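Asks: Dumping the structure here so I can ask a few things about it.
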Amino acid sequence: MTNKSTNIKDVAHLAQVSTATVSRYLHGELKRMAPTTAKKVAAAIEQLNYVPNAAARQLITNRSKTVAIVVVNVADSFSTEIFKGACSVLEHAGYTTAMLDTNSEQQKENQLINAVGLSTYDGLILQPLSSDVAQIKSEIRRSMPIVTLDRHLDYSPWPQIISNNFEASQEAAKYFQKYGYTRAIVLSSQIDVASTRQERFQGIKSVYQQVELIEINETHYNHQQVYCQLEKLLTASSEKTVIFSLKERWLIEFLPALIGSGILAAQNIQISGFADTTLVPAIWPSAKMIIQNPYKMGALAGQTLLKLLNNKQDIQPITTIPTTFK
């Protein structure tokens, strides 16, 4: 059991060092002391079962050693992989991370960004719902290091980690056109909300002039209604058709029903889109997907935030993580 009366002076006395040395040890400044000294301090801390007062440390260092990671929707593997990637870097550097979920709701995102600014987080990694820099700025309550990812933000004051969305969609569309797929159906969340979807959609439209679009409202939609709309489009023509999903979640949701109906048994329909996992090819092996790397994006966002926290200057304003089409 921790002895609540134990303080930094007790640790220093037992280790026969100064309180400043103990403080440096607690802040990870091991290069500023001999290895034998660090061992003595560590042994004294363990013997006394000393737990430093986090609030007191924060007052001294002006750091809480916590980082907020605001994501669009934890229902999407992309968001959870971003969080895992960022954690792999930040936790190794001694930071505690908190994932905050906007559930694809703009009002909730505004509230969370506001709350982060009013709390003691040292920094913020943000996967914004929209691409509205002015809107994001209006909710930030204080100056803090911020990194954004998965959205291209024009005139952004923050470093951005993004994918090559337009080029990836265009490459995939050209591939299917080359093999005689003359018709494209696109499944997507509301396109005008996010630059990511806009870029992907434009990449497809740069190849297919006629694109049939099914937009899905993430916060409230009727599964059966969307499926019926998709089924109707697929059975309305015998043209070779490719279904592009701009988000993996929609293929995972509607692909099993399409398989069960027998519609995909026809040789004139192919499946493609953006994927963060191997689930779609596992369900439908002939699917040819655009593979993203959200874990790597999150890790790079974590590295970039650490540079900001440590006042480093070698920070790229925009870093693009390429996708793989396979």
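The values are calculated or read from the model by the stated rules, or taken from the named source; none is laboratory data. Fair warning: this is a prediction, and the values are worked out from it, not measured in the lab. Virtual Cβ from ideal backbone geometry, glycine too; neighbours counted across all protein chains shown. Ligands, DNA and RNA are excluded from the accessible area calculation, which covers all protein heavy atoms including side chains. Shrake-Rupley method; radii C 1.70, N 1.55, O 1.52, S 1.80 Å.
Asks: If you stretched the chain out fully between residue 63 and residue 6, how much longer would it get, using 0.36 nm times the residue separation minus the C-alpha to C-alpha distance?
Replies: 18.2 nm
Asks: Leaving out ligands, DNA and RNA, and with a 1.4 Å probe, what % of the accessible surface on segment 208-326 is carbon or sulfur?
Replies: So the carbon and sulfur contribution to the accessible surface is 51 percent.
Asks: Just to be sure I understand: if I project the alpha-carbon convex hull of the chain onto a plane and average over all orientations, what area do I get in nm²?
Replies: Dividing the Cα hull surface by four gives the mean projection, 20.5 nm².
Asks: Might you tell me the accessible area per residue for the chain, computed with a 1.4 Å probe and given in Å²?
Replies: Per residue, the chain has an accessible area of 50 Å².
Asks: Still on this model: Starting from the Cα of residue 296, draw a straight line to each of the aspartates and glutamates and keep only those under 15 Å, dropping any in the same chain fewer than 8 residues away.
Replies: Those aspartates and glutamates meeting the cut-off are 81, 150, 276.
Asks: If you don't mind, another one. Please compute the length gained on full extension between residue 75 and residue 142, using 0.36 nm multiplied by the number of residues separating them and subtracting their Cα-Cα distance.
Replies: 21.1 nm
Asks: If you add up the charges near residue 286, with Lys and Arg at +1 and Asp and Glu at -1, over every other residue whose beta carbon is less than 15 angstrom from its beta carbon, what do you get?
Replies: Computed value for this residue: +3.
Asks: Per residue, how much space in cubic angstrom lies within the convex hull of the C-alpha atoms of segment 167-227?
Replies: Taking the convex hull of the Cα positions in segment 167-227, it is 85 Å³ per residue.
Asks: With springs only between Cα atoms under 10 Å, which of 226, 51, 89 fluctuates most in a Gaussian network model of the chain?
Replies: Sorting by GNM fluctuation, first place goes to 51.
Asks: Follow-up question, since we're still on this one. So which lysines pass the test for residue 31, namely a Cα distance under 27 Å, with those fewer than 8 places away in the same chain ruled out?
Replies: Leaving aside lysines fewer than 8 places away in the same chain, those within reach of residue 31 are 9, 39, 40, 65, 307, 312.
Asks: Grab the Cα-Cα distance for residue 217 and residue 296, subtract it from 0.36 nm times how many residues apart they are, and report the gain in nm with one decimal.
Replies: 25.6 nm
Asks: Explain nothing, just compute: Karplus ³J(HN,Hα) = 6.51 cos²θ - 1.76 cosθ + 1.60, θ = phi - 60°, for every residue of segment 75-90 in order, whole Hz, x for Gly and Pro.
Replies: Per-residue couplings from phi come out as 6, 9, 4, 4, 5, 5, 6, 4, 4, 4, x, 5, 4, 4, 8, 5 Hz.
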